[in-house]
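Peer 1: I'd like to ask you about the structure that follows.
The values are calculated or read from the model by the stated rules, or taken from the named source; none is laboratory data. Small disclaimer: the values here were computed from a predicted structure and weren't measured. When we count neighbours, we look across all protein chains shown, and the Cβ atoms used for this are built from the backbone with ideal geometry, even at glycine. Heads up: the accessible areas ignore ligands, DNA and RNA and are worked out on the full protein's heavy atoms, side chains in. Shrake-Rupley method; radii C 1.70, N 1.55, O 1.52, S 1.80 Å.
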Amino acid sequence: MITIAGAGLAGLACAYELAQRGAKVTVYERGNTSGDSSVARFAGGMLAPWCERESAEEQVITLGSRAFGWWARVTPVHRRGTLVVAPARDRAELTRFARRTTGHRGVDGAEITGLEPALEGRFSQGLFFDGEAHLDPRRALRDLSAKVQVMGVDIRYGTPAPAGVTLDCTGIAAPLPGLRPVRGEMAILHCPEVQISRTLRLLHPRMPLYLVPRGDGHFMIGGTMIESSSDRAITLRSLSELLNAAFTLHPAFAEASVAETGAGLRPAYPDNLPRLIEQDGTLYLNGLYRHGFLLAPAMAQQAADQLLPETTDENHRERQTA
């Protein structure tokens, strides 16, 4: 029997990997549903390893490359790429972004219009990362929860984990040295007048923005990374800057409805890379930072390798041929 604390993104991903290998798994979750206490519900859901290389280590690309196929077995994945743009006055930001990343090609105004007609005439240059994708994080959590339960995983909602669990996936609540909170803030806009089908990143030296379509005229916007342990609601400054950046992408966002705002604390280590740490007989998976949906599959596989070493070689062969 393997016991897991936390039915958020990391806990459910580990439950899936362990159940695939035939383990009997029980997950304890203090919230009443999947994602109740998970910062992942505020995520953008971007599977963008090449874009993330702009500020992350090469390991993010290596581990993140496994995420596309893994999530496609669980929930809808929209493989439409990422389009990165910048206003003419911030063209140096685009040059810097291109220099620090790979997996892209330069696009001009006509190509940008071809990819996203709503942006016609708004940007003269950009970068297109055609191998990237996005998903709906809340649906992904629900789908993953349903899938592992079909596989026989027992998820006990509204139940704090007992002492001495096998695997702890409780994020910032975990008692681990060196773990720090990084605050992220977001808003969901409803703007049916704008038709955008892929993730957009707007580069700006002060407030870079990402926008992810959620369907039915809804868009998630975010981009803040604040070194803070405050879990209060989004600040006026952050919301104003996010909304101004959205308006820069397209003026129709000035008439958008703000359907939701939120803020969460993402657990991170000093190098912003995830780790598996064994402490007092419990294995901890933590530090996914802003790369949760991208890195959870690979980290869950590593956790399963460590907990069920007798299945490691067979599962490695399966991943190599997948």
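Peer 1: Sort 229-239, 64-74, 6-16 by the packing proxy (mean of other Cβ within 10 Å over each peptide's residues), most packed first.
Peer 2: 6-16, 64-74, 229-239
Peer 1: Please report the net charge: other residues with Cβ closer than 13 Å to the Cβ of residue 276, K and R +1, D and E -1.
Peer 2: Residues close to residue 276 contribute a combined charge of -3.
Peer 1: What order, most packed first, do the peptides 206-218, 148-160, 42-54, 284-296 have when packing is the mean number of other Cβ atoms within 10 Å of each residue?
Peer 2: Descending mean neighbour count gives 284-296, 42-54, 206-218, 148-160.
Peer 1: Counting pairs of alpha carbon atoms under 8 Å apart in space and at least six apart in sequence, what relative contact order in percent does the chain give?
Peer 2: Relative contact order for the chain comes out at 24 percent.
Peer 1: Also, quick follow-up: Taking the Cα centre of the chain as the origin and placing charges on Cβ (Lys, Arg +1; Asp, Glu -1), which of 207, 225, 101 is farthest toward the positive end of the dipole?
Peer 2: Value computed over the given set: 207.
Peer 1: Counting Lys and Arg as +1 and Asp and Glu as -1, each charge on the Cβ, what is the dipole of the range 92-197 about the Cα centre in debye, to the nearest 20?
Peer 2: Charge dipole of the range 92-197: 480 debye, to the nearest 20.
Peer 1: How large a share of the accessible area of the range 6-124, in percent, is made up of carbon and sulfur atoms when the probe is 1.4 Å and the other protein chains stay in place?
Peer 2: Carbon and sulfur together cover 46 percent of it.
Peer 1: How much accessible area per residue does the range 40-165 have, in Å², with a 1.4 Å probe?
Peer 2: That works out to 46 Å² for each residue.
Peer 1: Right, another one. Taking the Cα-to-Cβ direction at residue 24 and at residue 252 and moving 7 Å from each Cα, how far apart do the two end points lie in nm?
Peer 2: Inter-label distance under the simple model: 5.6 nm.
Peer 1: At a 10 angstrom cut-off on C-beta neighbours, averaged per residue, how do the peptides 194-205, 113-124 rank from highest to lowest?
Peer 2: Ranked by mean Cβ neighbours within 10 Å, highest first: 194-205, 113-124.
Peer 1: Right, here's the next one. When a/c reaches 1.5 or more, the comparison of a/b and b/c decides; with that in mind, is the range 84-196 rounded, prolate or oblate per its Cα gyration tensor?
Peer 2: prolate
Peer 1: Continuing with this model, one more query. Taking all protein chains as present, what is the carbon and sulfur share of the accessible area of the range 253-295, in % to the nearest whole number, probe 1.4 Å?
Peer 2: 39 percent
Peer 1: Using a ≥ b ≥ c from the Cα gyration tensor of the range 141-240 (square roots of the eigenvalues), is it rounded, prolate or oblate, where a/c under 1.5 gives rounded and otherwise the larger of a/b and b/c decides, a/b for prolate?
Peer 2: oblate
Peer 1: Mind listing the long-range amide H neighbours of residue 259? Cut-off is under 5 Å, sequence gap 5 or more, other chains count too, H placed in the peptide plane at 1.01 Å from N.
Peer 2: The answer is 188, 189, 190.
Peer 1: While we're on this one: For residue 268, which sequence-distant residues (separation of 5 or more, or a different chain) have an amide H within less than 5 Å of its own amide H, given hydrogens modelled in the peptide plane?
Peer 2: When sequence neighbours closer than 5 places are left aside, the close amide H contacts are 180, 182.
Peer 1: Toward the positive end of the charge dipole of the chain, about the Cα centre and with charges on Cβ (Lys, Arg +1; Asp, Glu -1), which of 92, 234, 81 goes farthest?
Peer 2: 92
Peer 1: Okay, next question. Label the chain by shape, choosing from rounded, prolate and oblate, from the square roots a ≥ b ≥ c of the eigenvalues of the Cα gyration tensor; if a/c is under 1.5 it is rounded, and otherwise prolate applies when a/b is larger than b/c, oblate when it is not.
Peer 2: Prolate is the answer for the chain, as a/c is 1.5 or above and a/b outweighs b/c.
Peer 1: Could you pull out every residue, at least 5 positions away or on a different chain, whose amide H is within less than 5 Å of the one on residue 107? Hs are placed 1.01 Å off N in the peptide plane, and Pro or chain starts have none.
Peer 2: 126, 127, 128
Peer 1: Taking the Cα-to-Cβ direction at residue 73 and at residue 193 and moving 7 Å from each Cα, how far apart do the two end points lie in nm?
Peer 2: Roughly 4.5 nm, to one decimal.
Peer 1: Between the range 167-239 and the range 116-130, what's the alpha-carbon centroid distance in Å?
Peer 2: Spelled out, the Cα-based centre of one part sits 22 Å from the other.
Peer 1: Contour minus end-to-end for residue 139 and residue 33, with contour as 0.36 nm per residue of separation and end-to-end as the Cα-Cα distance?
Peer 2: 36.9 nm
Peer 1: Putting +1 on Lys and Arg Cβ atoms and -1 on Asp and Glu Cβ atoms, find which of 191, 273, 9 reaches farthest to the positive end of the dipole of the chain.
Peer 2: Of 191, 273, 9, it is 191.
Peer 1: If you restrict to DSSP beta bridges whose two residues both lie in the chain, what percentage is antiparallel, to the nearest 5?
Peer 2: Taking every DSSP beta bridge within the chain, about 70 percent pair in antiparallel fashion.
Peer 1: Let me ask something else. Under a Cβ-only charge scheme (Lys and Arg +1, Asp and Glu -1), can you give me the dipole magnitude of the range 1-131 about the Cα centre, in debye to the nearest 20?
Peer 2: With Lys and Arg at +1 and Asp and Glu at -1, about 260 debye.
Peer 1: Any idea what the dipole of the chain comes to, in debye rounded to 20, about its Cα centre with Lys/Arg Cβ at +1 and Asp/Glu Cβ at -1?
Peer 2: Dipole size: approximately 240 debye.
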